[in-house]
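In what follows, a single structure is set out as C-alpha cells and then discussed.
The values are calculated or read from the model by the stated rules, or taken from the named source; none is laboratory data. Predicted model, so just to flag it, every value in this text is computed and none were measured. For neighbour counting, all protein chains shown are included, and Cβ atoms are generated from backbone atoms with ideal geometry for every residue, glycine included.
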Amino acid sequence: MLYIQDLTKTDGRSLTLYSRRPIPRGLEAPSPDREPLTANPHLRWHPLRGEWVAYAAYRQGRTFMPPPEYNPLAPTTDPKNPTELPEGDYDIAVFDNRFPSLSLSAHDPPPSIVDTLPAAGKCEVVVFTQNPKVTLATLTLDHMELLFEVWGERTRALAANRGIKYVLPFENKGVEVGVTLHHPHGQIYAYPFVPPVPQRMNSHEAAHYRSTGQPLLQELILAELKDGARLLYRGEHAVSFVPAWARYPYEVWVAPIQAVPEFAKLRPEVRADLARALKTTLLKYDGLWQRSFPYLMAWYQAPSDGEPHPESHLHAEFYPPYRSSDRLKFLAGTELAAGMFANDALPEQKARELQDVAVSL
C-alpha cells in the first residue's frame, strides 16, 4: 500500500510525502525561506550540436556544504530554523527544487542571436529517508521497492502535464561528482523535450524494434546472461552487470530482464527483484574498497509523450568517477571534445573485481 500526502510549502512550492503507513494529518510544509524564489530559467539553442542548453544564473546561490548542525533535508526540529521537511511519520519526501534549472513558470526568455525558449519543465528533490546517516545502499529492500513506486508515481504526475516529454530520476553521490548535500537524496528532472542521450538511445531502440520486433536491450541482457562473464546479480526477473560496452571502468547497469518501459509498469515481483539487483550493486561498490562509493546513477525510461513504447527498456546506468582506488577517471580530450570514450580497463576485468566482493542482503 502506498500512502500519499500533498502539501504546499510556505513559499508556494509543493511537497509530497510517501509512506507504507498512513501519514498523520495536519503536517505543515516548512521552507528555509518564506519568500518564493523567482525562478525564470531559459533555453538557448546550440546550432552546431543541435541541442538545447539551460541557463539559470540564480543557481549560484544554492545551498553548498552546510555545517553539520544544519541539514536542510532533515525534518524540522526547531521552527525558528526550518528545513525543507516536516517532522512526522513518513518514509520518502519529494519537493520542488528551490533552485531549478527548469520551471513550469518560466517565461519571456531574453533575446539572443540564437533561438531561445522558456526552460519550461520541473526539477524535484527526492529525499530517500529521514535518516541522514544511511545511504541508498543500506536502505531495506522494502524501502527500495517503495522508492521505485515513488519514482513511478512522480513520473505519472509529471507526465500529466502535456508539456513534459521526458522524466529522468537520478542520484549524484559523493563530493567527487559534485554533491553539495550529503543527506541521502536524488533528483528528478522533467524536460519539455527528450534530451539528447535518451533520444539517441530511444532512436536505436526503435529502429531495432521495427526491424526485429524485439527490444534491443532485452536481447543484449539475454546475451549477457548467456555469456555470464560480467554478471553481478542474476535473479528471476532482474539483472545487474558490467556491460560489454562499458565506457567507465566500474560502470554497471541494473534492469529487469524482460523489457518494461517505465517504473509504473513494473509488476510487484519484478520490482522486488529489481530492488535486490540494485542493493547488490550498491553493496558491491561499497565493499570494493571498504568505503562509501561515489557515483552518478541515472534511470532511463520511455518518453512521456502518451505513445506506447514497446522498444523502451527501463534501466539504471551507474557512472563511478574512479578508475582505481586512488585515481579518478577524468573526461578529457577524446571524451569531451570528440565524444569517444577511452576506457583504461576491460569490462571483464572490472566485473571480476566486483564479482569477488561478497555481499549479504
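For segment 121-136, does any single residue satisfy the condition of being more than 29 Å from residue 291 (Cβ to Cβ) and surrounded by fewer than 20 Cβ atoms within 10 Å (Cβ to Cβ)? Looking through segment 121-136, none of the residues is more than 29 Å from residue 291 (Cβ to Cβ) and surrounded by fewer than 20 Cβ atoms within 10 Å (Cβ to Cβ). Going by the structure shown, is residue 103 assigned to a loop (DSSP other than H, G, I, E, B), assigned by TED's automatic domain parsing to the domain that holds residue 40 and out of contact with any Cys (no Cβ under 9 Å at 6 or more places or on another chain)? Spelling it out, it is not the case that residue 103 is assigned to a loop (DSSP other than H, G, I, E, B), assigned by TED's automatic domain parsing to the domain that holds residue 40 and out of contact with any Cys (no Cβ under 9 Å at 6 or more places or on another chain).
Among the residues in segment 160-176, are any in contact with a helix residue (DSSP H, G or I) (Cβ under 9 Å, 6 or more places away or on another chain), in a loop (DSSP other than H, G, I, E, B) and either assigned by TED's automatic domain parsing to the domain that holds residue 346 or modelled with pLDDT under 95 (or both)? Steps first, please.
To start, the set of residues in segment 160-176 that are in contact with a helix residue (DSSP H, G or I) (Cβ under 9 Å, 6 or more places away or on another chain) comprises 164-169, 171, 173.
If we keep only those that are in a loop (DSSP other than H, G, I, E, B) as well, we get 164-165.
Going one step further and asking which of them are either assigned by TED's automatic domain parsing to the domain that holds residue 346 or modelled with pLDDT under 95 (or both), we end up with none.
The answer is no; no qualifying residue exists.
For segment 248-276, residues that are among the basic types (Lys, Arg) and either touching a Ser or Thr at 6+ places or on another chain (Cβ under 8 Å) or not in a helix (DSSP H, G or I) (or both) total 1.
Does residue 150 satisfy the criteria of being assigned to a helix (DSSP H, G or I) and either surrounded by 17 or more Cβ atoms within 10 Å (Cβ to Cβ) or under 13 Å from the mean Cα position of the chain (by Cα) (or both)?
Details: assigned to a helix (DSSP H, G or I): yes; either surrounded by 17 or more Cβ atoms within 10 Å (Cβ to Cβ) or under 13 Å from the mean Cα position of the chain (by Cα) (or both): yes.
Taking the combined requirement at face value, the residue satisfies it.
Residues in segment 15-51 that are touching a residue at least 12 places away in the same chain (Cβ under 8 Å) and of a type in the set (A, V, I, L, M): 15, 17, 23, 27, 29, 37, 39, 43.
Only a single criterion out of (1) modelled with pLDDT under 95; (2) closer than 22 Å to residue 224 by Cα; (3) of a type in the set (S, T, N, Q) is not satisfied by residue 258, namely (1). Identify, from the list 292, 312, 211, 304, the residue that is surrounded by fewer than 18 Cβ atoms within 10 Å (Cβ to Cβ), more than 20 Å from residue 140 (Cα to Cα) and of a type in the set (S, T, N, Q). Step by step, each of 292, 312, 211, 304 is checked, and only 211 is surrounded by fewer than 18 Cβ atoms within 10 Å (Cβ to Cβ), more than 20 Å from residue 140 (Cα to Cα) and of a type in the set (S, T, N, Q). Residues in segment 232-247 that are of a type in the set (D, E, K, R) and assigned to a loop (DSSP other than H, G, I, E, B): 236, 247. Pairs needed: first member in segment 129-141, part of a helix (DSSP H, G or I); second member anywhere, modelled with pLDDT under 95; C-beta distance under 7 Å; at least 6 residues apart or different chains. Close Cβ pairs (under 7 Å, with a partner that is modelled with pLDDT under 95) amount to 141/361.
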